[in-house]
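Just below is one structure, and these are the notes that go with it.
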Amino acid sequence: MLNKLAASELVLNEDGSVYHLNLLPEDIAEKIILVGDPDRVAKVSKYFDTVEIRKNKREFYTHTGTLRGERITVMSTGIGTENIDIVMNELDALVNIDLKQKEFKTEHTSLKLFRMGTCGSVNPDVQVDNMLVTQNVVGLDGLMHFYQDYHFENEFSRNFYEKFPYENIKPMLYFSEWSEELGELYKDAKYHGNTATFPGFYAPQGRQLRLKALDDQFLETLNDLGITNFEMETSAIYAFSKLLGHQAITVNNVIANRRRGEFSSDHHASEKNLIEWVLERIIK
């Protein structure tokens, strides 16, 4: 099997950077913070000691600099696992493919990926404005079924799959878990839980405007199956990390409890607390 990639498979810009992220290999560190919102990138990098790289294309904004003497990158992914498909493949290409020769490198580089975001909780006992680290995750979007060789199961996934009652959604499910090594950095989080990654904001998360959601009890059912919280990216980040040999952890600030109908009284302060809490622990 030849390792050389066709130009249509590994698409590059005129300067040799990867197509969507607009980055060269030297533009990123091996520790990368992933945020959804492009505006959050500058809110994170303002805490860096230095910033040497500022690049953007579409919704993908990247700042790389140093924090307490260590090189670090923060990057926005936009919303949803379809964007994570782009981010994870292109980040891996930056470190594990020779972009000039379009060949796989013989020496593998493992990235450390830290998703920093917000989430809602389906567990009525979870209090808003607290940190929640994802240990197990289930994706309801089906993305990883497009990739060969992906399979992951553990006690959580087996129990969830067996009892999941929505047969039309069941074929789309896939599972993954955190990096225990990175989890040690955030062991003092108030909550460690099981996350559901949804393919949308409205009906997939039980919201109803003019269109009715599948089931009024959907979020309650997920909580009964062991789900603590939900968001829109983690399942793909964790699953790609398993496939590609990277490490990943998600730290979310809970800004809503859907079962209790609560929302953070000051989500901007929650965001600031999240950034400072994550950065304090990411480099010792």
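What stretch of the chain, leaving out the sites themselves, is the longest with no GluC sites (Glu not before Pro) in a DSSP loop having at most 13 other Cβ atoms within 10 Å? All intermediate terms of the calculation are to be shown ahead of the outcome.
Numbers: sites that count: 9, 14, 107, 153, 167.
With a cap of 13 other Cβ atoms within 10 Å, the longest stretch comes to 168-284.
If you project the alpha carbons of the chain onto their three principal axes, what span does each projection cover, largest first, in Å?
In descending order, the Cα extents are 52, 45, 38 Å.
How many percent of DSSP beta bridges within the chain run antiparallel, rounded to 5?
Taking every DSSP beta bridge with both residues in the chain, the antiparallel ones total about 50 percent.
Counting other C-beta atoms within 10 Å, and keeping those with at most 15, which DSSP coil trypsin sites (Lys or Arg not before Pro) do you find in the range 53-109? It would help to have the intermediate numbers written out before the result.
Details: sites: 54, 55, 57, 58, 68, 71, 100, 102, 105; in loops: 58, 68, 100, 102, 105.
Here the sparse-neighbourhood loop sites are 58, 68, 100, 105.
Can you report the principal axis dimensions of the range 17-147 using only the alpha carbons, biggest first, rounded to whole angstrom?
For the range 17-147, the Cα spread along each principal axis is 53, 40, 28 Å.
Give me the distance between the Cα centres of the range 32-95 and the range 225-275, rounded to whole Å.
After rounding, the separation between the Cα centres reads 17 Å.
Quote the charge dipole size of the range 1-147 about the Cα centre in Debye, to the nearest 20; the model charges only the Cβ of Lys and Arg (+1) and of Asp and Glu (-1). All intermediate terms of the calculation are to be shown ahead of the outcome.
Details: 16 positive and 22 negative charges, 55 e Å.
Rounded to the nearest 20 debye, it is 260 debye.
Using square roots of five times the C-alpha gyration tensor eigenvalues, list the equivalent-ellipsoid semi-axes of the range 188-266 in whole Å, biggest first. Kindly include the intermediate steps, with their values, before the conclusion.
Details: eigenvalues 117, 56, 28 Å².
In descending order, the three semi-axes are 24, 17, 12 Å.
For the range 98-250, give the share of DSSP beta bridges that are antiparallel, in percent and rounded to the nearest 5; count only bridges with both residues there. Spell out each step's value before the answer.
Working: 7 of 21 bridges.
Here the antiparallel bridges make up roughly 35 percent for the range 98-250.
What does a probe at residue 13 reach in the range 33-62, counting residues whose amide N is under 18 Å from the point 7 Å along Cα→Cβ?
Hits in the range 33-62 for residue 13 at 18 Å: 38-39, 41-42, 52-62.
What is the sum of charges around residue 22, taking Lys and Arg as +1, Asp and Glu as -1, for the other residues whose C-beta is under 13 Å from the C-beta of residue 22?
Numbers: positive: 54, 55, 57, 58; negative: 14, 15, 27, 59, 90.
Its environment carries a net charge of -1.
Of 132, 95, 174, whose Cα points farthest to the positive end of the dipole of the chain (charges on the beta-carbon: +1 Lys, Arg; -1 Asp, Glu; origin at the Cα centre)?
The Cα lying farthest towards the positive end belongs to 132.
Which value, in debye to the nearest 20, describes the size of the charge dipole of the chain about its Cα centre when Lys and Arg Cβ atoms bear +1, Asp and Glu Cβ atoms bear -1, and nothing else is charged?
On the way: 31 positive and 43 negative charges, 88 e Å.
So the magnitude is around 420 debye.
Residue 157: net charge of surrounding residues, Cβ under 14 Å, Lys/Arg +1, Asp/Glu -1, itself excluded? It would help to have the intermediate numbers written out before the result.
On the way: positive: 158, 163, 170, 242; negative: 153, 155, 162, 177.
It works out to a net charge of 0.
Mind checking the alpha-carbon convex hull of the range 2-89 and giving the volume per residue in Å³? Can you show the working numbers first?
Values: hull volume 9.2 nm³, N = 88.
Measuring per residue, one finds 105 Å³ for the Cα hull of the range 2-89.
Are there any trypsin sites (Lys or Arg not before Pro) in the range 135-193 that are in a DSSP loop and have at most 16 other Cβ atoms within 10 Å? List them by number.
Working: sites: 158, 163, 187, 190; in loops: 187, 190.
Within the range 135-193, the qualifying trypsin sites (Lys or Arg not before Pro) (loop, at most 16 other Cβ atoms within 10 Å) are 187, 190.
Taking a cut-off of 28 Å between Cα atoms, list the lysines near residue 46, but don't count ones fewer than 8 places away on the same chain.
Straight-line reach from residue 46, under 28 Å: 31, 55, 57, 112, 187, 190, 272, 284.
Find out how many positive minus negative residues lie around residue 51, taking Lys and Arg as positive, Asp and Glu as negative, among other residues whose Cβ is under 13 Å from that of residue 51.
Numbers: positive: 43, 46, 54, 55, 71; negative: 27, 49, 52.
Net local charge, residue 51 excluded: +2.
For the range 1-58, which whole percent of the accessible surface, found with a 1.4 angstrom probe, sits on carbon and sulfur atoms?
Details: 1680 of 3400 Å².
So the carbon and sulfur contribution to the accessible surface is 49 percent.
Taking +1 at the Cβ of each Lys and Arg and -1 at the Cβ of each Asp and Glu, which of 75, 62, 45 sits farthest along the dipole of the range 1-96 towards its positive end, judged by Cα position relative to the Cα centre?
Highest projection toward the positive end goes to 45.
Between residue 4 and residue 148, take the C-beta separation as r, use R0 = 22 Å, and let me know the FRET efficiency to the nearest 0.05.
Working: r = 20 Å, r/R0 = 0.89.
According to the calculation, E is roughly 0.65.
Under a point-charge model restricted to the Cβ atoms of Lys and Arg (+1) and Asp and Glu (-1), what is the dipole moment magnitude of the range 95-207 relative to its Cα centre, in debye to the nearest 20? Each step should come with its number before you reach the end.
Details: 11 positive and 16 negative charges, 75 e Å.
Using only the charged Cβ atoms, the result is roughly 360 debye.
In square angstrom, what is the accessible area per residue of the chain with a 1.4 angstrom probe? Numbers along the way, then the final one.
Details: 13680 Å² over 284 residues.
For the chain, the solvent-accessible area averages 48 Å² per residue.
The values are calculated or read from the model by the stated rules, or taken from the named source; none is laboratory data. Keep in mind it's a predicted model, so treat the numbers as computed, not measured. All Cβ positions, glycine included, derive from the backbone under ideal geometry; neighbour counts span all protein chains shown. Ligands, DNA and RNA are excluded from the accessible area calculation, which covers all protein heavy atoms including side chains. Shrake-Rupley method; radii C 1.70, N 1.55, O 1.52, S 1.80 Å.
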